[in-house]
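Asker: My questions will all concern the structure given below.
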Amino acid sequence: MYPIQGLADDINDKNPPQIGFGFGGITLAYNVDSKEKVHEIIELAKKAGATIEKEPQEVFWGSYSSYFSDPDGYYWEVAYNPYWTFDEKEMLVL
């Protein structure tokens, strides 16, 4: 759980999505095993018609992430954390 305004600001601190007007406070997350894959996924999203809300970048808590919104208006975070472990199928181990 994360405060809704904090999540909106994390998506885009200069122009956060308007709460209650298309943004319900939910994002989908795609976790990857490298910074390079964050860039790969963001490029694929661009080619598929997504709007990049936040370019890939280091974040304050030690991760590397980016946000995009898909053509249906859903917000996605693509994130890499150097402390995460992935299995042989590139699935995040919890």
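Asker: Taking the criterion of being surrounded by fewer than 13 Cβ atoms within 10 Å (Cβ to Cβ), more than 22 Å from PRO3 (Cβ to Cβ) and not polar (S, T, N, Q), would at least one residue in the range 19-37 satisfy it?
Answerer: Yes: the range 19-37 contains one or more residues that are surrounded by fewer than 13 Cβ atoms within 10 Å (Cβ to Cβ), more than 22 Å from PRO3 (Cβ to Cβ) and not polar (S, T, N, Q).
Asker: Do we find that TYR67 is surrounded by 15 or more Cβ atoms within 10 Å (Cβ to Cβ) and either aromatic (Phe, Trp, Tyr) or modelled with pLDDT under 90 (or both) in this structure?
Answerer: For TYR67, the condition - surrounded by 15 or more Cβ atoms within 10 Å (Cβ to Cβ) and either aromatic (Phe, Trp, Tyr) or modelled with pLDDT under 90 (or both) - is met.
Asker: Among the residues in the range 79-90, are any within 11 Å of the chain's Cα centre (by Cα) and either closer than 29 Å to PHE21 by Cβ or not in a loop (DSSP other than H, G, I, E, B) (or both)?
Answerer: Yes, the range 79-90 contains a residue that is within 11 Å of the chain's Cα centre (by Cα) and either closer than 29 Å to PHE21 by Cβ or not in a loop (DSSP other than H, G, I, E, B) (or both).
Asker: Taking the condition over 12 Å from the mean Cα position of the chain (by Cα) and at negative phi, does TYR74 pass?
Answerer: No; evaluated as a whole, the condition is false for this residue.
Asker: Among the numbered conditions (1) under 18 Å from ILE4 (Cβ atoms); (2) in a loop (DSSP other than H, G, I, E, B); (3) not aliphatic (A, V, I, L, M), tell me where GLU53 comes up short.
Answerer: The single condition GLU53 does not satisfy is (2).
Asker: Could you say which residue among ALA45, ALA29 is in a strand (DSSP E or B) and either without any contact (Cβ under 8 Å) to a residue 24 or more places away in the chain or of a type in the set (A, V, I, L, M, F, W, C) (or both)?
Answerer: ALA29
The values are calculated or read from the model by the stated rules, or taken from the named source; none is laboratory data. Note that the structure is a prediction, hence the values are computed from the model and not measured. Ideal geometry is used to build each Cβ from the backbone, glycine not excepted, and the neighbour counts take in all protein chains shown.
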